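Please read the structure below before turning to the comments.
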Amino acid sequence: MTASRVVTRLAGVSGALAVAAGAYGAHGFRRSDRDDYLKELFETANKYHMYHSLAMLGAAHCRKPALAGTLLLAGMGCFCGSLYHQAITGDPGLRKVAPIGGTLLIVGWAAMAL
């Protein structure tokens, strides 16, 4: 299987997970007694998760799909994952991972230009 097909499939799985997380956020998490900051963190994580799932579809068609896709996937895991974690658990322990994830997302976008 080519790298572009793998990246396309990962983008599809990631997009499906983003929609599922968004549904949880809209129907379960939002109605909880969480404070507004945690709800905002969840919304930010979900928005970036969806945007970058779509970006992975574009990465599948660039010159180096494996590189761009890997960077975007790792960035989503670090950035969105740490925000989701804090929003759901209230534990800010992974907060320092978010800037690393953000940097990986930026580099992933740049890798699509290679």
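Each reported figure results from applying straightforward, stated rules to the coordinates on display, with no laboratory input. None of the values given here were measured: they were computed from a predicted structure. Backbone-built Cβ (ideal geometry, glycine too); neighbour counts: all protein chains shown.
Structural remarks
- Gain on full extension, evaluated as 0.36 nm per residue between Thr103 and Thr89 minus their Cα-Cα distance, stands at 2.6 nm.
- Unit charges on C-beta of K, R, D, E only; dipole of the chain, Debye: 400 debye
- Here volume of the Cα convex hull per residue in Å³ was calculated from the structure, and among [x] 125; [y] 80; [z] 136 it sits at label [y].
- Table column - 3J(HN,Hα) (Hz), the stretch 39-49, Karplus curve with 6.51, -1.76, 1.60, x for Gly and Pro: 5, 5, 4, 4, 4, 5, 4, 5, 5, 5, 4
- Label sites at Arg9 and Leu57, each approximated as a point 7 angstrom past Cα along Cα to Cβ, lie 1.9 nm apart.
- All other residues whose Cβ lies under 10 angstrom from that of Leu114 are scored, Lys and Arg at +1 and Asp and Glu at -1, for a net of +2.
- Among 18-27, 96-105, sorting by the average number of other beta carbon atoms lying within 10 angstrom of each residue, highest first, gives 96-105, 18-27.
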